[in-house]
1. Given (1) assigned to a helix (DSSP H, G or I); (2) within 16 Å of ligand 3 (Cβ to nearest atom); (3) at pLDDT 90 or above; (4) not charged (D, E, K, R), identify the lone condition not met by Leu158.
2. I'd like to verify a number: residues in segment 231-258 that are more than 16 Å from ligand 3 (Cβ to nearest atom) and either at pLDDT 95 or above or more than 24 Å from Glu178 (Cβ to Cβ) (or both), how many?
3. I'm trying to understand the selection: among the residues of segment 58-100, which are under 16 Å from the mean Cα position of the chain (by Cα) and part of a loop (DSSP other than H, G, I, E, B)?
4. What pairs can you find where one residue is in segment 78-95 and closer than 16 Å to Arg26 by Cα, the other is crowded, with 18+ Cβ neighbours inside 10 Å and of a type in the set (S, T, N, Q), and their Cβ atoms are less than 6 Å apart, with a gap of 6+ or different chains?
5. Is it the case, given these coordinates, that Ser189 is assigned to a loop (DSSP other than H, G, I, E, B), of a type in the set (Gly, Ala, Ser), within 16 Å of ligand 4 (Cβ to nearest atom) and modelled with pLDDT under 95?
6. Can you name the residue in segment 229-249 that is assigned to a loop (DSSP other than H, G, I, E, B) and away from ligand 4 (no atom under 16 Å from the Cβ) and is also most open to solvent (accessible area, probe 1.4 Å) among such residues?
7. Mind checking whether some residue in segment 250-265 is under 19 Å from the mean Cα position of the chain (by Cα), open to solvent by less than 30 Å² (accessible area, probe 1.4 Å) and closer than 16 Å to Ile153 by Cβ?
8. Might you check whether a residue that is at pLDDT 95 or above, open to solvent by 60 Å² or more (accessible area, probe 1.4 Å) and within 26 Å of Leu277 (Cβ to Cβ) occurs anywhere in segment 112-122?
Amino acid sequence: VAKNLGGNRFSRFTQDLQEAAETRLRMMRDLRNALAANQLEVYYQPIVEIATGKIYKAEALLRWKHPELGMVSPMQFIPLAEESRLIHDINDWVFHEATRELASWRKQLVPEFQISVNVSPVELRQNREKVGAHWIRHLQALGLPGKSLAIEITESILLNAESNVTDKLHLFRDAGIEVSIDDFGTGYSSLSYLKKFDIDYLKVDQSFVHNLVDGTDDKVLCEAIIVMAHKLGLKVIAEGVETQAQLDLLTAYGCDYAQGWLYSKAVTAPDFFALLLKNVKL
Ligand code: C2E
Ligand code: MG
Ligand code: MG
Ligand code: MG
């Protein structure tokens, strides 16, 4: 009996594994078609200046509406795209979409508005024109200054930055494009790269913000990150701010910007325009 049970459990386990592998394969295959089939859409989430309550910029966040699987999270499909060359096309597409909206928002509502785009490490490591000189030319063609764009990169990419990465960052910096460290505090956190690279923003990972009200350690860490960042001349964005209590603490610690459901989830471009319009009138 025991053996039988074990056997059943084992086949259940292999069945689950097989299903997971099949879903993966299917998503990989469907993703190839997603761009052409208009299933991808860029959503925008406001990043708010805490002191004024003004929307300071927007982060572009990718969404995939799969015809059968429904909304697939970027946490699921970005890694798949990164395993193939698809990530290049996807990243480039997000940039073009986001800058098109940005140009229109700046023209109609907020002349100094900025957009923040996530750039995959895979992309930065490549020696390609596209995410680089091509982006800079595209900004110029739209009449957008470099400062209207920020790129979000993860700290791990800066740890042992290869020359391709360093070259690209310098290219961006020279064009006035700003650099944010995303998910700060979750990587290897060797802080030395903060001296070595010209960084503009630290985005405190939402895992710190999540337990802010109850956790003593997270209070200490958040405050310390903010103090350190300011001494280094960096601005701090808190991610995943969901409650007023979290915002109050972040405000007390002198945090500069907040992003999270307390203000708004990521929304479509027209919905974001409406948010911005309301905010401008504040
Ligand atoms: P991220 O860059 O750290 O983006 C922040 C994530 O936190 C987003 O998840 C956002 O929707 C979510 N979030 C924002 N506010 C709150 C909140 O108050 N509470 C909670 N629980 N979550 C909040 P999302 O949109 O699912 O994106 C996940 C990750 O996928 C992003 O993390 C980013 O690393 C990646 N990603 C998204 N779009 C792109 C893209 O266009 N290119 C690349 N390379 N990566 C992308
Ligand atoms: Mg990000
Ligand atoms: Mg983040
Ligand atoms: Mg994150």
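The values are calculated or read from the model by the stated rules, or taken from the named source; none is laboratory data. Predicted, not measured: the structure shown is a model, and the values here were computed from it. Here the Cβ positions follow ideal geometry from the backbone for every residue, glycine too, while neighbour counts run over all protein chains shown. Ligands, DNA and RNA are stripped out before the accessible areas are found, and what is left, the full protein with its side chains, is counted by its heavy atoms. Shrake-Rupley method; radii C 1.70, N 1.55, O 1.52, S 1.80 Å.
1. It fails just one condition, (3).
2. The number of residues fulfilling the criteria is 10.
3. Ser73
4. Glu82/Ser120
5. Numbers: assigned to a loop (DSSP other than H, G, I, E, B): yes; of a type in the set (Gly, Ala, Ser): yes; within 16 Å of ligand 4 (Cβ to nearest atom): yes; modelled with pLDDT under 95: yes.
For Ser189, the condition - assigned to a loop (DSSP other than H, G, I, E, B), of a type in the set (Gly, Ala, Ser), within 16 Å of ligand 4 (Cβ to nearest atom) and modelled with pLDDT under 95 - is met.
6. Our first condition is that a residue be assigned to a loop (DSSP other than H, G, I, E, B); within segment 229-249, this holds for 232-234, 239-243.
Narrowing the set further to residues that are away from ligand 4 (no atom under 16 Å from the Cβ) leaves 232-234, 243.
Working: Leu232: 85, Gly233: 61, Leu234: 12, Thr243: 58 Å².
My answer is Leu232.
7. Filtering segment 250-265 for residues under 19 Å from the mean Cα position of the chain (by Cα) gives 255-265.
In the following step, the residues that additionally are open to solvent by less than 30 Å² (accessible area, probe 1.4 Å) were identified as 255, 257-260, 264.
Filter again for closer than 16 Å to Ile153 by Cβ, leaving none.
No.
8. Yes, the conditions are met somewhere in segment 112-122.
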